[in-house]
Every structure is written in structure tokens, then in C-alpha cells.
1. Can you tell me which residue in segment 57-67 is modelled with the lowest pLDDT, limited to those that are surrounded by 11 or more Cβ atoms within 10 Å (Cβ to Cβ), part of a strand (DSSP E or B) and touching a strand residue (DSSP E or B) at 6+ places or on another chain (Cβ under 6 Å)?
2. Within the group 76, 81, which residue is on the phi < 0 side of the Ramachandran plot, part of a helix (DSSP H, G or I) and loosely packed, with under 12 Cβ neighbours inside 10 Å?
3. Could you list, in sequence order, all residues of segment 1-15 that are modelled with pLDDT under 85 and under 26 Å from residue 53 (Cβ atoms)?
4. Between a first residue in segment 62-81 that is free of Cβ contacts under 8 Å to residues at least 12 places away in the same chain and a second residue that is surrounded by fewer than 10 Cβ atoms within 10 Å (Cβ to Cβ), which pairs have beta carbons less than 8 Å apart while being 6 or more apart in sequence or on different chains?
5. Can you tell me which residue among 51, 40 is at pLDDT below 90, closer than 20 Å to residue 10 by Cβ and assigned by TED's automatic domain parsing to the domain that holds residue 5?
6. In this structure, is residue 36 over 21 Å from residue 59 (Cα atoms), free of Cβ contacts under 8 Å to residues at least 40 places away in the same chain and in contact with a helix residue (DSSP H, G or I) (Cβ under 6 Å, 6 or more places away or on another chain)?
7. Filter segment 39-51 down to the residues that are exposed (fewer than 12 other Cβ atoms within 10 Å of the Cβ) and either part of a helix (DSSP H, G or I) or in contact (Cβ under 8 Å) with a residue 24 or more places away in the chain (or both) and list them by number.
């Protein structure tokens, strides 16, 4: 879902009981987070670290996505570790 605020697009991704909100405008992101917290009684868990078996890591310039932990778990469950 996309939400427009001050001509900026803010993205909201929802899966089961997890919500990720992202975009370039911190004020708009905070407004949308405030709305979801009031309307749906959500809790802000801080910066995204894991979502849908994907680890999220950041540097100053890049975002890294990794499924290493998930892959190692699957290999272990299959007796291949």
C-alpha cells in the first residue's frame, strides 16, 4: 500500500501481524506510524532487523538483505549442516 503525504510516497507493507513503513520523509513516516498506533494499537519496534525470514542490515549508504539465517536453518532441518 502506498500513502501520499506532502507529494511524497510512503510505503506500508503488511504480512500477518507485521507492518513495515518506509519512505524518504521522516515526518510523513511518523505521521503514518502515529495513525496506525492510534487506529490499530500497534507498537513501534524500532528499525527493521528481520522481516519474512529476511535479515535487514544498514550502512550509511546501503541496505543489505540476507536470508543466511533462514538458509542455515533449512539446511540444518534437512540434515545438511
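The values are calculated or read from the model by the stated rules, or taken from the named source; none is laboratory data. Everything numeric in this text was worked out from a predicted model, so none of it was measured. Neighbour counts are summed over all protein chains in view; Cβ atoms, including those assigned to glycine, are modelled from backbone coordinates with ideal geometry.
1. If we take residues in segment 57-67 being surrounded by 11 or more Cβ atoms within 10 Å (Cβ to Cβ), part of a strand (DSSP E or B) and touching a strand residue (DSSP E or B) at 6+ places or on another chain (Cβ under 6 Å), then 57 is modelled with the lowest pLDDT.
2. Exactly one residue qualifies, and that residue is 76.
3. 1, 2, 3
4. 72/81; 75/81
5. Only one candidate qualifies: 40.
6. Answer is no for this residue.
7. Of everything in segment 39-51, those that are exposed (fewer than 12 other Cβ atoms within 10 Å of the Cβ) and either part of a helix (DSSP H, G or I) or in contact (Cβ under 8 Å) with a residue 24 or more places away in the chain (or both) turn out to be 39, 40.
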